[in-house]
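> There's a structure below that I have some questions on.
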């Protein structure tokens, strides 16, 4: 018999869990299943607030199917108003009290109030609800079961301008005539609450369980619940109690027995032509025993190496959607890893972590090779690069101390060095980090995984080893031939030379293909070099370029990004002038738009140029409108 879910036992640390046990890694807390967090409804909460706070509206009716979350939404809004200093009242109407006078609103009246005297009842309620700063909020739950006396009282309070009402009602269920009169009289706004979308279900599950939930698990629970909040809660509690919802390697997933392995051949990099063939499905047939889905994964990697990151991202997402429900598990995991690598290159470190973590869904020590180890390393690198070194180290403990570097696979196991290196760098052990990356790159080269070799060498350069990897990166670029391989080679040489113009040119190229992390580092290195040589104006311009690119990097922190020269901010007026000038607006038209003289506009522009380190409108446009 499966033991019930035990939150205390869930605090045990487990590298992997047996069926029937749900464990949470070190540093995490058990999910508070007694308190279901409010999630997945931020848009609806904002819409409710906007409707309710409109002075032209006295009542907002929230309707929807049973269990969809109407009461929770209204209660959350009531709590939000309370946190902002606006007192409110909650009125609960129930079918069994619908024939009792003031059955729902008795708490608004004094104990000695006479239900037979509605006039005095109104006076008592009005005194208690009158505020100096506006209408009191009253939330009426299940308004369709409101008793007639309560409905009349609330209508009177509304007409007197003392309250505003948020009422909930089950869609399609008619209540009493008094309640109909309450919600249909006056100024009423309607808010239909739909079921959760799949993305909302994912947000709710991660808020409840405290960490990443596998995409397949999300879709399965979304399908079972139909997006109904109450049904979703029951499904989650039942799955936890039966041991069907377990956590492995930081990922919550359903414990489903699935089989099927894919056989991958070594990847040798790709140029643009190879990427087109893979993406169009016109490449050579997959080897015997290889799942046809391999071609989609190969296309993602090919497009990435061709420097076409946006196309690779779109193709990868589409491929993942095709297999998330019932495709081969190995292909689903490899697709997630490839997307994680892509987002790491793009600097979207939080997105990268989510994809690496997704790749761990359904894996365990029994499947310790290949994708699991690369995903663990990638997730650890993301944690380290956002400052959570302890969590990165906890992730790396699952890798153990031995290397596992199979020759077969889209990527070699040597890529697990990514996590080890970034954790070491975050701890101040830069030399050890570079050594592990260079050694891993050599293993990838022996296995003929040239794309992985190029990535690992570039990572070593980012951590201060640019001069150490010049020779191997040149050999790699000569063999790979792809646009990204060439861009990586140029980036490494620019870092080694510390030549500002080479760094800026490298940043421009990387930025153009979407490799924001490397581009930001190139611009930052250029800014530091220019600043050191006293070229402050140019240093400021490069620093602004770095800041513009780094804005998309989701909190990424690297040794190179720590060296940006300080920049001088613009005034509000200077910012207005700069934005208009960057769009090509003439000084005369800017002056007319801002009610200034053309000479004043030109003076503002000169100060903008000086502060931002530019000398023309074209440079300003490049800086402010990337």
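> Does at least one position in region 77-100 carry a residue that is touching a strand residue (DSSP E or B) at 6+ places or on another chain (Cβ under 9 Å), in a loop (DSSP other than H, G, I, E, B) and over 30 Å from residue 36 (Cα atoms)?
No, because not a single residue in region 77-100 is touching a strand residue (DSSP E or B) at 6+ places or on another chain (Cβ under 9 Å), in a loop (DSSP other than H, G, I, E, B) and over 30 Å from residue 36 (Cα atoms).
> What residue, of 444, 426, 461, 432, is free of Cβ contacts under 8 Å to residues at least 12 places away in the same chain and either assigned by TED's automatic domain parsing to the domain that holds residue 384 or under 26 Å from residue 375 (Cβ atoms) (or both)?
432
> Consider region 417-476. How many of its residues are modelled with pLDDT under 90, out of contact with any helix residue (DSSP H, G or I) (no Cβ under 7 Å at 6 or more places or on another chain) and over 17 Å from residue 488 (Cβ atoms)?
Count: 6.
> Could you list, in sequence order, all residues of region 184-240 that are farther than 29 Å from residue 334 by Cβ, modelled with pLDDT under 85 and in contact with a strand residue (DSSP E or B) (Cβ under 8 Å, 6 or more places away or on another chain)?
Correct list: 186, 187, 188.
> Residues of region 392-407 being at pLDDT 90 or above and crowded, with 21+ Cβ neighbours inside 10 Å, which ones?
392
> Can you say whether residue 128 is surrounded by 15 or more Cβ atoms within 10 Å (Cβ to Cβ), in a helix (DSSP H, G or I) and either in the same structural domain as residue 247 (by TED's automatic domain parsing) or at pLDDT below 85 (or both), as far as the supplied structure shows?
The answer is no for residue 128.
> Right, another one. Of the residues 65, 113, which single one is modelled with pLDDT under 90 and under 29 Å from residue 232 (Cβ atoms)?
65
> In region 506-515, which residue that is touching a helix residue (DSSP H, G or I) at 6+ places or on another chain (Cβ under 7 Å) and surrounded by fewer than 24 Cβ atoms within 10 Å (Cβ to Cβ) is nearest to residue 306 (Cα to Cα)?
Among those that are touching a helix residue (DSSP H, G or I) at 6+ places or on another chain (Cβ under 7 Å) and surrounded by fewer than 24 Cβ atoms within 10 Å (Cβ to Cβ), it is 513.
> While we're here: When you scan region 426-466, how many residues do you find that are in a loop (DSSP other than H, G, I, E, B) and on the phi > 0 side of the Ramachandran plot?
The number of residues fulfilling the criteria is 2.
> On to the next question. Taking residue 340, is it touching a helix residue (DSSP H, G or I) at 6+ places or on another chain (Cβ under 9 Å), at pLDDT 85 or above, in the same structural domain as residue 441 (by TED's automatic domain parsing) and not in a helix (DSSP H, G or I)?
So residue 340 fails the test.
> Considering each residue of region 38-52, count those that are under 20 Å from residue 87 (Cβ atoms) and in contact with a strand residue (DSSP E or B) (Cβ under 8 Å, 6 or more places away or on another chain), and give that number.
Final tally of qualifying residues: 3.
> Can you spot a residue in region 320-332 that is buried (at least 24 other Cβ atoms within 10 Å of the Cβ), modelled with pLDDT under 90 and assigned to a loop (DSSP other than H, G, I, E, B)?
No, there is no match, as no residue in region 320-332 is buried (at least 24 other Cβ atoms within 10 Å of the Cβ), modelled with pLDDT under 90 and assigned to a loop (DSSP other than H, G, I, E, B).
> Please find, within region 580-620, the residue that is farthest from the chain's Cα centre (by Cα) out of those that are surrounded by fewer than 16 Cβ atoms within 10 Å (Cβ to Cβ) and touching a residue at least 40 places away in the same chain (Cβ under 8 Å).
For region 580-620, the residue satisfying everything is 610.
The values are calculated or read from the model by the stated rules, or taken from the named source; none is laboratory data. Note that this is a predicted model, so its numbers are computed, not measured. Positions of Cβ are backbone-derived with ideal geometry, glycine not excepted, and every protein chain shown enters the neighbour counts.
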